[in-house]
Amino acid sequence: MTVMTFAVDDRHFTDYHQLGFCVFRGLLPTALLRDLRREADKGRAIARRLAGDQAQRLQPIQAYPELDMRPFDDLYDLPALRTALNRVLGPGFRAPVDPRASRDLMGVLYEPAAMPWATCWHRDWRDNVPGLQLAEWDKLQLDTRYFNQVNCALYDDDCTWVVPGSHLRRDTAGEMHRFPTRPIAGPALEGLDVDDAERACMAYCESMPGAHQVHLHAGDYLLYRNSLWHLGNYAPYKRRATIHDGVMSPEFSAFWKAPPLHPVREDGSRPHENPNEAALAALAG
Ligand SMILES: O=C(O)CCC(=O)C(=O)O
Ligand SMILES: [Fe+2]
């Protein structure tokens with residue numbers, strides 16, 4: 001049996017624009033998958049040495065000379081990937097997409113060694129960068145030169161959950177009521193053993209209206225808008241090595257390097273805006 005080779009089509013374009021994500025199924029050739037696994041598995045040991053048992057990422061990988069960057073560069077140079085990114089993102093970028101423009105960001109996501117864990121539900125930047133000027137994020141939410149993120153799975157990966165279509169709109173009443181305050185609370189795991197923590201994380205994932213679990217197979221490439229509601233849910237027994245990257249335009253690179261933050265206050269913090277303060281007050285009547 002030969003492995004099917006990936007080719008982009010209209011479905012990827014419509015999924016990305018309508019749902020906020022699309023999957024390039026089986027993008028990685030087997031030889032490249034093998035080389036990437038070898039380097040990513042070395043990276044897991046480095047991440048745990050540096051950050052302990054609960055380490056969940058190593059980023060940027062180019063900062064670790066022990067890792068051979070060649071397979072990661074081979075991924076960037078895959079003709080099928082360039083073609084696909086340009087088909088899906090090219091019109092919005094108004095210029096050819098340069099996959100390597102994110103080389104200084106590319107990382108790898110790993111499973112924690114000891115305890116289950118889930119990130120909070122969030123839209124990146126808006127909810128997880130305290131101090132961001134949300135009016136600026138609002139202006140860019142629909143601009144496809146910004147907020148493009150990648151999870152490329154080297155092992156089967158069902159950690160990522162999304163709310164399809166949420167990248168196109170503001171929060172629904174159900175979403176606002178589920179997470180009325182900032183910072184957004186993650187699952188309550190304090191004092192739980194490994195099994196209870198796993199169940200609590202899953203209940204948290206499912207508690208979001210419209211939540212959808214993304215299932216990636218080894219070699220799949222997920223392109224998504226990190227402006228949609230999403231999270232990562234991790235169990236120690238689910239081996240994970242997923243390349244985590246952006247697709248950077250010059251505009252998004254500039255935003256990343258100097259995000260629009262509120263000025264620092266006297267106490268050294270920046271105001272963490274609640275995007276729904278006015279809407280929640282209006283709903284409460
Ligand atoms: O682990 C994942 O797939 C998602 C991670 C994530 O959302 C984040 O790091 O902001
Ligand atoms: Fe995120």
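Taken together, the values in this text are just the output of simple stated rules run on the coordinates, not laboratory data. Please read all numbers here as calculations on a predicted model, not as lab measurements. Using ideal geometry, Cβ is built from the backbone for each residue, glycine included, and neighbour counts are taken over all protein chains shown.
Side notes on the structure shown:
- Extension gain from residue 50 to residue 139, taking 0.36 nm per residue of separation minus the Cα-Cα distance: 28.3 nm
- Region 91-125: trypsin sites (Lys or Arg not before Pro) in DSSP loop, at most 14 other beta carbons within 10 Å: 94
- Environment charge of residue 211, counting only residues whose C-beta is closer than 15 Å and scoring Lys/Arg +1, Asp/Glu -1: -2
- Model label zone, residue 7; criterion: amide N under 19 Å from point 7 Å along Cα-to-beta-carbon; scope region 58-84: 78-84
- Euclidean distance between Cα centres, region 177-226 to region 29-71, Å: 24
- Qualifying GluC sites (Glu not before Pro) in region 133-194, DSSP loop, other Cβ atoms within 10 Å at most 15: 190
- Extension gain for residue 38 to residue 66 (0.36 nm times residue separation, less C-alpha to C-alpha distance): 8.9 nm.
- Rounded to the nearest whole angstrom, the semi-axes of the ellipsoid equivalent to the chain, taken from the Cα gyration tensor as √(5λ), stand at 30, 24, 19, largest first.
- Considering helices alone, the calculated mean residue ellipticity of the chain at 222 nm is -9500 deg cm²/dmol, with DSSP H runs of length four and up weighted by -39500 (n - 2.57) and normalised per residue.
- Residues of region 18-49 with an amide N closer than 18 Å to a point placed 7 Å from the Cα of residue 74 along the Cα-to-Cβ direction: 26-43.
- Region 86-116 and region 237-276: distance between their alpha carbon centers, rounded to Å: 15
- Residue 14-residue 199 pseudo-label distance in nm [points 7 Å out on the Cα-to-Cβ vector]: 4.2
- Annotation: lysines with alpha-carbon distance below 28 angstrom to residue 139 (same-chain offsets under eight excluded): 257.
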